[in-house]
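Colleague: I'd like to ask some things about the structure below.
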Amino acid sequence: MLKELLKKSRSYRGYDESRRITREELMEMVDSTRFAPSSMNVQPFQYLLVYEKEDTDKIQPLTGWAMNLPDYDLPHPGKCPTAFIIICQNTEWAPDLKRYIRDVGIVAQTMILRATEMGLGGIMIGSFNPKRVAEAMNLPETIVPMLVVAFGKPDEEIVLTEVGPGENLKYYRDENDVHYVPKRRLEDIVL
Ligand SMILES: Cc1cc2nc3c(=O)[nH]c(=O)nc-3n(C[C@H](O)[C@H](O)[C@H](O)COP(=O)(O)O)c2cc1C
């Protein structure tokens, strides 16, 4: 079951905007991160829940989407995520911002997997300026945005493909806007 969930849990860039994600749903996603491993068990993160339209409208333009597809302007109009969780490091709990960078990925993947299980979807967005996001959300200096995770009800088709050594790993879209994500083969990743 976990493997099926992992296959379904893709990075979605198109959502049904009529389906707003609720604060309760975001709380459930954050709750799942409490069971994640943490370096030295410091658990240095706090999470900003962004779900009011007024606030998601502020965050969306501060995020960069699909750098591999410069000819596309994703998400398409009317297909934006309806919530964000901004994973922040509390520097009063842990001042070194580089030290917990692996932990960020673990909590992000954990919350996206929980969202997928709830029939929702998400995507990690590393392309953003932490200072601009902090300003837009009036965060104090001690709360530093580390990663933005967007959520919504997925409204696009994503297909996984397999590629061999030397083949192109860039994701791409066909004329019907189906999104393809090449993944390396099992036999090529085991040393
Ligand atoms: C740490 C991290 C940061 C990412 N940042 C962005 C981003 O800024 N913009 C974007 O469109 N996708 C971003 N992605 C999504 C990747 O492009 C995506 O994971 C990759 O294309 C593989 O697709 P999949 O997640 O569906 O397997 C990010 C993924 C990770 C793990």
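Each value in this text was obtained by applying a stated rule to the coordinates, not by laboratory testing. Bear in mind the structure is a predicted one, so any value in this text is a computation, not a measurement. Positions of Cβ are generated from backbone atoms using ideal geometry, with glycine treated the same way; all protein chains shown enter the neighbour counts.
Colleague: According to a simple spin-label model (label point 7 Å from Cα along Cα-to-Cβ), what is the distance in nm between residue 8 and residue 185?
Modeller: Roughly 2.9 nm, to one decimal.
Colleague: In percent, how large is the relative contact order of segment 1-92, given Cα pairs closer than 8 Å and 6 or more residues apart?
Modeller: 48 percent
Colleague: If all Cα-Cα distances of segment 115-191 are sorted into 10 Å bins from 0 onward, what percent lands in each bin, rounded to whole numbers?
Modeller: 15, 28, 31, 20, 6
Colleague: Using DSSP to call loops (not H, G, I, E or B), can you name the GluC sites (Glu not before Pro) in segment 94-144 whose Cβ has at most 10 other Cβ atoms within 10 angstrom?
Modeller: The qualifying sites are 141.
Colleague: Oh, and also: What list do you get for 3, 170 if you sort them by fewest beta carbons within 10 Å?
Modeller: 3, 170
Colleague: In this model, which of 131/170; 3/79; 8/183; 8/58 are farther than 23 Å apart at the alpha-carbon?
Modeller: Details: 131/170 29 Å; 3/79 28 Å; 8/183 14 Å; 8/58 29 Å.
Check vs 23 Å cut-off fails for 131/170; 3/79; 8/58.
Colleague: Then there's this: Run the numbers on the chain and let me know its relative contact order in percent, using alpha-carbon pairs under 8 Å that are six or more apart.
Modeller: 29 percent
Colleague: Can I ask one more? Simple spin-label model, 7 Å along Cα-to-Cβ: residue 167 to residue 35 in nm?
Modeller: Going by the 7 Å Cα→Cβ label model, 3.6 nm.
Colleague: Residue by residue through segment 120-137, which ³J(HN,Hα) values in whole Hz follow from phi under the Karplus form 6.51 cos²θ - 1.76 cosθ + 1.60 (θ = phi - 60°), with glycine and proline marked x?
Modeller: Coupling constants for segment 120-137: 10, x, x, 7, 7, 10, x, 8, 7, 9, x, 5, 5, 5, 4, 5, 4, 9 Hz.
Colleague: For an R0 of 22 angstrom, estimate the FRET efficiency from the Cβ-Cβ distance between residue 138 and residue 19 and round to the nearest 0.05.
Modeller: Calculated transfer efficiency: 0.20.
Colleague: Between 0 and 90 degrees, rounded to the nearest ten: what's the tilt of helix 101-117 against the longest Cα principal axis of the chain?
Modeller: Tilt of helix 101-117: around 70 degrees.
Colleague: Skipping prolines and chain starts, which residues have an amide H placed within reach, meaning under 5 Å, of the one on residue 14, given they are 5 or more residues away or on another chain?
Modeller: Close amide H contacts, sequence-distant or interchain: 155.
Colleague: Quick one: Karplus J couplings for segment 67-80, per residue in order, coefficients 6.51, -1.76, 1.60, θ = phi - 60°, nearest Hz, x for Gly and Pro?
Modeller: Along segment 67-80, the couplings run 4, 6, 10, x, 7, 9, 10, 9, x, 4, x, x, 10, 7 Hz.
Colleague: Using modelled amide H (1.01 Å from N, peptide plane; none on Pro or chain starts), what sits under 5 Å from the amide H of residue 181, excluding residues fewer than 5 places away?
Modeller: When sequence neighbours closer than 5 places are left aside, the close amide H contacts are 159, 160, 161.
Colleague: Listed highest first by mean packing, meaning other Cβ atoms within 10 Å per residue, what order do 58-68, 179-189, 144-154, 85-95 come in? Could the numbers behind the result be given before it?
Modeller: On the way: 58-68: 15.5, 179-189: 12.5, 144-154: 23.2, 85-95: 18.9.
Per-residue Cβ counts within 10 Å, averaged per peptide and sorted highest first, yield 144-154, 85-95, 58-68, 179-189.
Colleague: Still on this model: Tabulate in residue order the Karplus-calculated ³J(HN,Hα) for segment 11-20, using 6.51 cos²θ - 1.76 cosθ + 1.60 with θ = phi - 60°, rounded to whole Hz; enter x for Gly and Pro.
Modeller: 8, 7, 10, x, 10, 7, 5, 6, 9, 6
Colleague: Here's something else I'd like to know. With a 10 Å radius around each residue's Cβ, average the other Cβ atoms per peptide and rank 98-108, 27-37, highest first.
Modeller: Taking the mean over residues of other Cβ atoms within 10 Å, the ranking is 98-108, 27-37.
Colleague: Of 9, 86, 32, which is farthest along the charge dipole of the chain in the positive direction, counting Lys and Arg as +1 and Asp and Glu as -1 at C-beta?
Modeller: 32
Colleague: Then there is this: Go ahead and set up a Gaussian network model of the chain, Cα springs under 10 Å, then flag whichever of 156, 25, 167 fluctuates most.
Modeller: 167
Colleague: Which number do you get for Rg(Cα) / (2.2 N^0.38 Å) in segment 2-155?
Modeller: 0.99
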